[in-house]
1. Nearest 10 degrees, 0 to 90: what angle lies between the long axis of helix 102-113 and the longest principal axis of the chain (Cα atoms)?
2. Using the per-residue mean of other Cβ atoms lying within 10 Å as a proxy for protection, in what order, highest first, do the peptides 260-271, 239-250, 37-48, 193-204 fall?
3. Order the peptides 89-97, 402-410, 414-422 from the highest to the lowest mean number of other Cβ atoms within 10 Å of their residues.
4. Using R₀ = 25 Å, calculate the FRET efficiency as 1/(1 + (r/R₀)^6) where r is the Cβ-Cβ separation of residue 462 and residue 399; round to 0.05.
5. How many nm is it between the label spots at residue 390 and residue 189, if each spot is 7 Å from the Cα in line with the beta carbon?
6. Before anything else, pin down the relative contact order of the chain: Cα pairs under 8 Å, at least 6 apart, normalised by residue count, whole percent.
7. Could you check the simple spin-label distance between residue 370 and residue 65, using points 7 Å along Cα→Cβ, in nm with one decimal?
8. R0 = 41 Å: FRET efficiency of residue 487 with residue 166, Cβ-based, nearest 0.05?
């Protein structure tokens, strides 16, 4: 928790986006939609979702902050909550398939809480909500075994997921659809298919109140086929057993899905036992879940399939689904449901062993998993401990911006090669100082890159500050753009122009 609290100071990492977006939201007046942030991307505004500030956390925090003193940085608490719920989610799944089996529960908690792909997302806090996937797996098993639709729990889970992270929502929806189809296959009750549309209908009803028309203004992003999973990713990052020649692609950090040597050994043993220990997997795993997991695997590998640096194949995305694929461009993440499902299928199979044998084997697996992942976790901690990067001196900015209401920043995000390190600190300055900002480090964001002159012409120089990135604008360009009667000074990597008070 302390590490995340400290990282909230960073101005050029993702945590800076979350913290500044959260701060701007908490300080903004109540308005509709309820998740709107008028001061970022001013005057159009944006919503909490598009600054990744976790709406499911931000909205209740803002409500409480109206009558209780609340800490400025909530993300350490969110991180602690996610790891606690990861253990609770593992318990929930075990309760469905191996009730009252403490050995199975202990092994499930270790494998789920120590899942390397969970720890690897420490800097992307909304993606820490892997417990959503665990509860989705648990609901699948509960629905399958009890032959009951569980529409209420599915609705609560998917509504929560939608206001945590869209990727996790999409994965949970895949599990729900597999659940619905497998239950229909099992019972032949057609109303099951209609009932499982209720959670999606509930999400659609919530959008006008919480997000308004934000989706209509969202701009598609690219990257599908680049942010993918390597075919060797689940086995290639070990410390006890390494693949020294493994060379993933530059975007395949998004497909980091190492399972850990302990879990890999468990999978190998279960595969070896498959013909020696009878187990009716069909009673738990239906055909549509199997098909769904294969489709998720294919999607995580993307249409550009690599094994290390060897390009195995390329397939063309059909045009009619290309927008959907680009919406979830970091496809390597979609292996996560498979990794958790593997945990529980392995435990289900191993639980058929005698208690003494299972106990000894479980201890061995935990020790191997810990030894294999220890250096990885140390490196993650070291990464989190790095000094905060704060290029913008907030005191100097507030002094320079005294009396200003709006920061007109150029270039805007995604225009003329504007970088995170040029935009994010301005967003931090605006959020902490209470200024409007005409851009922002915002997901699915589009800007009119050629509207510099028209924006400045329509602004009020008495309450405006005009900020130009030094690397993007020459003195001659700034002199041409700035309003008459303004004087410019350099702050860090920016040129700030204000109306001369005299």
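1. 30
2. Values: 260-271: 19.9, 239-250: 13.0, 37-48: 22.1, 193-204: 15.3.
Ranked by mean Cβ neighbours within 10 Å, highest first: 37-48, 260-271, 193-204, 239-250.
3. Values: 89-97: 22.2, 402-410: 19.6, 414-422: 16.6.
Packing proxy ranking, top to bottom: 89-97, 402-410, 414-422.
4. On the way: r = 18 Å, r/R0 = 0.72.
Step by step, r from the Cβ atoms, then E = 0.90.
5. 5.9
6. Details: 769 pairs, mean separation 95.2, N = 502.
Relative contact order of the chain: 19 percent.
7. If labels sit at residue 370 and residue 65, their model points lie 4.0 nm apart.
8. Values: r = 45 Å, r/R0 = 1.09.
My answer for the efficiency is 0.40.
Read-outs throughout are calculated quantities, based only on the coordinates presented, and are distinct from any laboratory measurement. Quick caveat, the model's predicted, so the values are computed rather than measured. Here Cβ is always computed from backbone atoms with ideal geometry, including for glycine, and neighbour counts include all displayed protein chains.
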